[in-house]
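**Student:** Sharing a structure here in C-alpha cells format.
Coordinate-derived values only; no laboratory data. On a predicted model such as this, the values are computed, not experimentally measured, just so you know. Positions of Cβ are backbone-derived with ideal geometry, glycine not excepted, and every protein chain shown enters the neighbour counts.
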Number of protein chains: 2
Amino acid sequence: LSAAAQEVAEIPAPVEDTVQRLIVAGSTDDVGLTFTEDLTTRIGPRLAGSEAEARARDWAAAELKALGFDSVTIEPFTIPYWNRIEESASVVSPAPQPLTITALGGSTSTSEGGITAELVRFSNMAELNAASRELVEGKIVFIDEKMTRTQDGSGYGMAVRKRRNCATATIDKGGLACLIRSVGTQTARFPHTGMMARGEAEGAGPAAALSPPDADQLTRLMSWQPVTVNLNIQVETSPNAPSGNVIAEITGRETPDEKILIGCHLDSWDLGTGAIDDGAGCGIVVGAAKLIMELEEAPRRTIQVVLYGSEEVGLLGGHAYAKRHAADLSNIVLAAESDFGADRIWRFDTRFSEAALPYARAIQEALQPLGIAPGNNEAGGGPDISMLARSGVPVVTPQQNGWDYFDLHHTPDDTFDKIDPADFRQNVSTYAAFAYLAAEMNWSFRKDETALSSE
Amino acid sequence: LSAAAQEVAEIPAPVEDTVQRLIVAGSTDDVGLTFTEDLTTRIGPRLAGSEAEARARDWAAAELKALGFDSVTIEPFTIPYWNRIEESASVVSPAPQPLTITALGGSTSTSEGGITAELVRFSNMAELNAASRELVEGKIVFIDEKMTRTQDGSGYGMAVRKRRNCATATIDKGGLACLIRSVGTQTARFPHTGMMARGEAEGAGPAAALSPPDADQLTRLMSWQPVTVNLNIQVETSPNAPSGNVIAEITGRETPDEKILIGCHLDSWDLGTGAIDDGAGCGIVVGAAKLIMELEEAPRRTIQVVLYGSEEVGLLGGHAYAKRHAADLSNIVLAAESDFGADRIWRFDTRFSEAALPYARAIQEALQPLGIAPGNNEAGGGPDISMLARSGVPVVTPQQNGWDYFDLHHTPDDTFDKIDPADFRQNVSTYAAFAYLAAEMNWSFRKDETALSSE
Ligand SMILES: [Zn+2]
Ligand SMILES: [Zn+2]
Ligand SMILES: [Zn+2]
Ligand SMILES: [Zn+2]
C-alpha cells in the first residue's frame, strides 16, 4: 500500500463521543443477552421449516415490537423441509457395540431396520474420489478426515467438503451409505450434523456423522478385523414448508432509504438449542440496535436488523431476501451478519472500494478500545449476505474468535451456558459502534461497479 | 504424632534398586495401556450381567493367560440384571423441546409412552425430604443440586445421595418419577447414569438424570412458567444373570499364601466404553503386575490381580469375593483397587496399624520420584475392597487426580481417547512399585484385631 492508502477518515468529535458511549453501554448489555437466552429457552431448537421455527419468528417479531423498533415485518417464503425421525448405528461384528451418530441434513432414509454392510475406510474425501468402484460397491463408506482448529474458522471450508459430497460420491460408486468423522474440532462424544449437498428435499443417499471417539473406535477396530455396521436412518421431507425472515428497523432521521443491515439467522439445527449458532448472533445485533435506539436521536441512515430464516439448509433466507429486495440492494450502504458464536471479536475485516479504505481505518481505530485488530479488505460478511456482497453491497466481518466454535457447532452441546456474557457484550459494543458510525456518517463504501467482477 | 512416629522403615538397597527400576519401566508401559485400549475397543461397554460383560471376562482371562500369569481363574456369581431399553423426555409445555436424559440404574419403567406431569423443583435432596406430600403428589420431582469439583473426589459422596434416594423419597410422597441434575461436574450435554438405591432388581420408581444444560434449561423455564414434562423409560430386568471375577496370580517365591491384592472392576456402564471407569484401572493393575512378572525372580509373596465383575450395580463382585474367600482374608497382606481414572497419582494414603506407619513412610518415600505426596492413614482402598478393609485387611489408596473425573464418569463420553498415556504410565509405575515392595519385604501392616472396630 502506498502512504496515501494509509489515510484515515476523520470522525467529528460528537460522533466519536457517541461511538465510545455505545461501546461502554454495550459492556453492560442485557437486552441482547436476554434475547439470546429467551430464544434458546422459550423456543429451543428451531429447525428450518419446522413449527418451532414458526414459533421463533412470531416470538421474535413480538419481542422486537416490544423493544420499540419503528417497523417489524415478517417476510415469508417456503422451503423444502427435512427432519430426522430416527437414527442409530452399531457395530455388528467383530465387537457388537452401539455407535453415536447423527444423520446429515438432506440424508435419505435407509430401509427399515437399517443397512448392514462392511465398512470401507478412507482417510479423506480425495481418497474416496480416487477409489475404484470395486472397493466401494455394496459397502458403507467411512471417511475419517480430521478438521484443523483455527482462530478464523478457515479449517471449515476444507473439512466441510466430505459432509457435502460424501453421499453423492459413495452412491456414484455403488456404495450404500456414508459415515463421516464429524466436521468438528473436539474429542467429546458429540456428532455434528449439518447440511449435505442435495438436489431438492431428497438427498443423494443415507449419510451420517460419527462422534470423534466413535470414528477413533472404528479405526481401531478396522486395524484389528473387518468391521460390519448397521446404520438406520429414517427421515421425513415435504416440498413447501413455511419459513421467513424477520426484519426490524430504526428509521434513519435524514436518509431513511439508506440502510445499514446487521443480521443473524433465526433457525438452528435440531440437536442443540442453537445458542452459539446462531441465537448469539441474533442477540448481538438486536442488543446493538437497541443501544442505538436509545440515543437522543436516530442516526441519519436506517438501521435494519434481519433475522434470517432457514440459513442452515442452504442460506434460503438470504436468497429470499436478495430476491425480494433485488430492486433496491443499492440502498444497502453496508451489511454484516453475526454467525460465528459470541467469543470476543479479535479482528475487523471489510470489503470496501479502495477509495473507502480511509473509512475502514477510521472504523478500526474507533474499535481499538475493544481490543480489535485491523483486518483485511476481503471480508465475506456472513452466509446470508454473501449474495448481497456478490451483488456489490459493501460488507464487514467482525471476526469472532472461532478457536472453540467447532467444538460445539451443530452438536447437542450448543446450549446457552456455553456463551460467556463478557465476550458476548464485547460483540454488542462492536456491532453498535460500527453500525452507528456507518449510519451517522456520510460515507460510501461501495465500488463504482454495481457488482463485483470475479466472485 | 510423636517424633518416634516419624520413623521410616529401611528398604535394603537391592530392593530399592528394583523399585526404582520398576518405576522407570512403568514410564514406557505398553502392556497396561494396550489392555485398556483393547478392553474398551474389542468389548466396548460392559454392563453388569450382560453378554458383553461375559465376553469381557473371557477376553480378559485369555489375555492374562497370554501375558504369562501363573494362574488365571474366573469365579462366577449371579446378579439381578437391569438394562435400559428406551428412554426419552421432553418439555410438553410451555415450550415444546426434547431433553437429554438417561435412566438411573435400577429405575422402573414408566407406563408405555411415558408419564406426563408438572415438574416440582427442589434445590437439593434435603429440600425434597422436607417437602409436604401436597407439593409432590402427582408431580415429577426435579432435583437441581450441583456437585462440587474437588481433586480427591470428596464432592461425590454428598452429590450421590440424590441419585440413590430421589426415587424412593418421591414415591413415598406420592410423586410419579424423579429427574436429577446429573451427578457430575461438567457443563457438556451428557447425562450421567449410575445406580440408585433399590431392593432387588426392581427399583423404587422411574428415575433419570438430566444433562447439566438441560437442568439449567428447566430451571430457566420454571422461572418463567409452570413446566410439564413427558418422561418415558422402559427397562428390562432378570433375577439371576451371570457375572464373575477374573483372578490372575504371580505365585510368591517364598510365602505364596500371603497375597498382595491389586484390583479394578471389569464391568462398566453402558453409555460409554468404560475407559476411565474402569478400563483404566484394569490396565494399570495388569500393566503393573506384568512389570513385576518380568523381574529376575518373583517376589516373596503372591501378587493377585482381581478384575471384579458387577461393581457398578452394588459392588457385587467385591461382595462375592469377600464371601468366597472369607476363611482366608487374613492371608491378604495388602489390598488396593484402582477405580478413579488414570490421571496422575498425587497422594498415597494408607490404612495400616500404628506400628506399621514406618512401612507406610518407606513406601511413600520410594514413590517420591513419581511426584506423589504422603497422605493420611484413613485410606478406603476402593469400592470392591471396602468390605475387605472392614474385615481388617490393610489397604492403600494411591489417589488419582480426580479434578476432571466427574466430567466423564458414567457418561457416553467415557472413551479411550480421554486417557493421557503419560499419566496412565505414572499409575502403572506406582502400582508396580508399592505392590512389589509389599510383596518383597517381610512387613505386616495389619492391626492386632482381625476386624477394625468402628467401620
Ligand atoms: Zn450459523
Ligand atoms: Zn450452522
Ligand atoms: Zn468404577
Ligand atoms: Zn462407576
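**Student:** Just to check, using Stokes-Einstein with a Kirkwood Rh over alpha carbon pairs, what's the diffusion coefficient of the range A:298-455 at 20 °C and 1.002 mPa s in µm²/s?
**Tutor:** 131 µm²/s
**Student:** Return the inverse of the average 1/r over all pairs of distinct C-alpha atoms in the protein assembly as shown, which is the Kirkwood hydrodynamic radius, in Å to one decimal.
**Tutor:** 30.1 Å
**Student:** Can I ask one more? Expressed as an acute angle from 0 to 90° and rounded to the nearest 10, what is the orientation of the C-alpha long axis of helix B:212-222 relative to the principal long axis of chain B?
**Tutor:** 30 degrees
**Student:** From the C-alpha coordinates alone, can you work out the Kirkwood hydrodynamic radius of chain A, in Å?
**Tutor:** 22.7 Å
**Student:** Right, another one. Set the Förster distance to 51 Å, then compute FRET efficiency between A:Q151 and A:R253 from the Cβ-Cβ distance, nearest 0.05.
**Tutor:** 0.85
**Student:** Still on this structure, please answer the following. Given the C-alpha centroids of the range B:151-198 and the range A:96-157, what is the distance between them in whole angstrom?
**Tutor:** A separation of 37 Å, based on Cα centres.
**Student:** Then there's this: With a 10 Å Cβ neighbour count serving as the proxy for reagent exposure, in which order, fewest first, do A:V19, B:V305, B:V31 appear?
**Tutor:** B:V31, A:V19, B:V305
**Student:** Run the label-point distances for A:P12 please: 7 Å along Cα to Cβ, every other copy, nanometres, shortest first.
**Tutor:** When each copy's label point is compared with this one, the spacings are 9.6 nm.
**Student:** Figure the gain on full extension for B:S444 and B:K65 (residue separation times 0.36 nm, minus the Cα-Cα span) and round it to one decimal in nm.
**Tutor:** So the extension gain works out to 133.4 nm.
**Student:** On a 0 to 90 degree scale, rounded to 10, what angle separates helix A:280-293 from the longest Cα axis of chain A?
**Tutor:** 10 degrees
**Student:** OK, next. Please rank A:E378, A:E63, fewest neighbouring Cβ atoms within 10 Å first, as an exposure proxy.
**Tutor:** Ranked by crowding around the Cβ, least crowded first: A:E378, A:E63.
**Student:** For the range B:320-365 and the range A:225-260, what is the separation of their C-alpha centers, rounded to whole Å?
**Tutor:** Taking the Cα centre of the range A:225-260 as reference, the centre of the range B:320-365 is 60 Å away.
**Student:** If you place +1 on the Cβ of every Lys and Arg and -1 on the Cβ of every Asp and Glu, how big does the dipole about the Cα centre of the range B:179-319 come out, in debye to the nearest 20?
**Tutor:** Value, rounded to 20: 460 debye.
**Student:** Where along chain B is the Cβ that lies nearest the axis linking it to chain A, and how many Å separate them?
**Tutor:** Residue of B nearest the axis onto A, distance in Å: B:A188, 3.
**Student:** Mind pulling the per residue volume of the convex hull built on the Cα atoms of the range A:1-68? Å³ is fine.
**Tutor:** Dividing the Cα hull volume of the range A:1-68 by its residue count gives 175 Å³.
**Student:** Now, a different point. Within a 10 angstrom radius of the beta carbon, how do B:D423, B:D270 rank from fewest other beta carbons to most?
**Tutor:** Sorted ascending by nearby Cβ count, the order is B:D423, B:D270.
**Student:** Counting other Cβ atoms within 10 Å, keep those with at most 16, restrict to DSSP loop, and tell me which chymotrypsin sites (Phe, Trp or Tyr not before Pro) in the range A:363-455 are left.
**Tutor:** Qualifying residues, ordered by number: A:W403.
**Student:** With an 8 Å Cα cut-off and a minimum separation of 6 or more residues, compute the relative contact order for chain A in percent.
**Tutor:** 23 percent
**Student:** Tilt of helix B:421-440 relative to the longest C-alpha principal axis of chain B, in degrees (0 to 90, nearest 10)?
**Tutor:** The two axes meet at around 50 degrees.
**Student:** Using a Förster distance of 60 Å, how high is the FRET efficiency between B:T34 and B:A130, based on the Cβ-Cβ distance and rounded to 0.05?
**Tutor:** Given R0 = 60 Å and the Cβ-Cβ separation, E is 0.70.
**Student:** Stick to the Cα atoms of the range A:63-135, pair each with every other, and give me the Kirkwood hydrodynamic radius in Å at one decimal.
**Tutor:** Taking every pair of different Cα atoms in the range A:63-135, averaging 1/r and inverting gives 17.5 Å.
**Student:** In the range A:295-349, which GluC sites (Glu not before Pro) fall in coil by DSSP and have 12 or fewer other Cβ atoms within 10 Å?
**Tutor:** A:E296, A:E297
**Student:** Follow-up. Taking a quarter of the surface of the Cα convex hull of the range A:82-237, what do you get in nm²?
**Tutor:** Reported value for the Cα convex hull: 8.5 nm².
**Student:** I've got another one for you. Out of the DSSP beta bridges found with both residues in the range A:82-237, what percent are antiparallel (nearest 5)?
**Tutor:** 60 percent
**Student:** Tell me the mean residue ellipticity at 222 nm calculated for chain B from its helices only (DSSP H runs of n ≥ 4, each -39500 (n - 2.57), averaged over every residue, nearest 500).
**Tutor:** Result for chain B: -9500 deg cm²/dmol, rounded to the nearest 500.
**Student:** Quick one: work out the % antiparallel among DSSP beta bridges in the protein assembly as shown, nearest 5.
**Tutor:** 60 percent
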